[in-house]
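Here the structure is laid out as structure tokens; the discussion comes afterwards.
The values are calculated or read from the model by the stated rules, or taken from the named source; none is laboratory data. Since we're looking at a predicted model, the values are computed, not measured. Glycine gets a Cβ as well: all are built from the backbone with ideal geometry, and neighbour counts include every protein chain shown.
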Amino acid sequence: MLGVILNPRVEAGQQYINGGISFQGDASLNGSTSTATAINSITNVNVLMATNGDYAPLQNSRAVIWAPFTFNPPQIPVVPLWTCTSNGITYSFDATSMVVVFTSVNFVDIQGTGIAHITGQADTPGVWTVGVGGIGSSVTFNASTMVSPTNVPRINSYTMTNRNIGMSWNALPGQPYQLQTAMNSNVLVWSNVLGVITTSNSTATTSYPVGTDSSRLFRVVVLPQ
């Protein structure tokens, strides 16, 4: 009988990030809102609202740096997508997936998933949006980031069929994940197996051939690490 241990990715002693934050500022595109493929610059950014959870200290902050990025075709990851330092604590967010959900003659809506970082806290998956609107290549900029510990992937079920283990975990649509395995629970050496896994649903699934192994550990990590 195969012994299987399914591990969430837990960082001992650190709390996961929870909260939401929104931004406003100015942006410059490499064309009109209907033809642009990239945001060339994002300037004069301030925090519009950050009254929720771990982002509350950033309320009314103007020292936010947003990175320009290409969205058609998406060039990811963007590390960091945005960053801000306040009272010695650095807040940042990396974009790991990106999709253009709407374009018109005066608006572009871009969404994706990514990883939030705050000094002293555990990296936490989240979602982000960017909207640019206006006339020509000079546009207004609005954005938001939402992060929750419930986004941390945890393997919640598995099945065994013909020495293949199938498993599933909670997921963010479009977020890339990597399945890892280890053979020895005393000396953990994690190795990537299979390829990068993404899904368009709130649950990701995969299967892995365990062969004649008598025991094996599995975990899922969010990319990029």
Checked 214, 138, 207, 168 against criteria (within 26 Å of residue 16 (Cα to Cα) and either touching a strand residue (DSSP E or B) at 6+ places or on another chain (Cβ under 8 Å) or at pLDDT 80 or above (or both)); the one match is 168
Test residue 126 against the stated conditions and say whether it is under 21 Å from the mean Cα position of the chain (by Cα), touching a residue at least 24 places away in the same chain (Cβ under 8 Å) and closer than 22 Å to residue 149 by Cβ. yes
Here the residues within region 91-123 that are among the small types (Gly, Ala, Ser), surrounded by fewer than 18 Cβ atoms within 10 Å (Cβ to Cβ) and in a loop (DSSP other than H, G, I, E, B) are 120
Looking across region 7-60 at residues that are assigned to a strand (DSSP E or B), hydroxyl-bearing (Ser, Thr, Tyr) and at pLDDT below 85, the single one that is surrounded by the fewest Cβ atoms within 10 Å (Cβ to Cβ) is 51
Considering region 151-208, residues that are farther than 24 Å from residue 78 by Cα, in contact (Cβ under 8 Å) with a residue 40 or more places away in the chain and hydrophobic (A, V, I, L, M, F, W, C), and then whichever is surrounded by the fewest Cβ atoms within 10 Å (Cβ to Cβ), we arrive at 160
- [ ] Would you confirm whether any residue within region 68-82 is in the same structural domain as residue 128 (by TED's automatic domain parsing), in a strand (DSSP E or B) and farther than 22 Å from residue 196 by Cβ?
- [x] yes
The strands (runs of 3 or more DSSP E) lying entirely within region 159-201 that contain at least 2 residues which are under 30 Å from residue 129 (Cα atoms) and of a type in the set (A, V, I, L, M) are 191-197
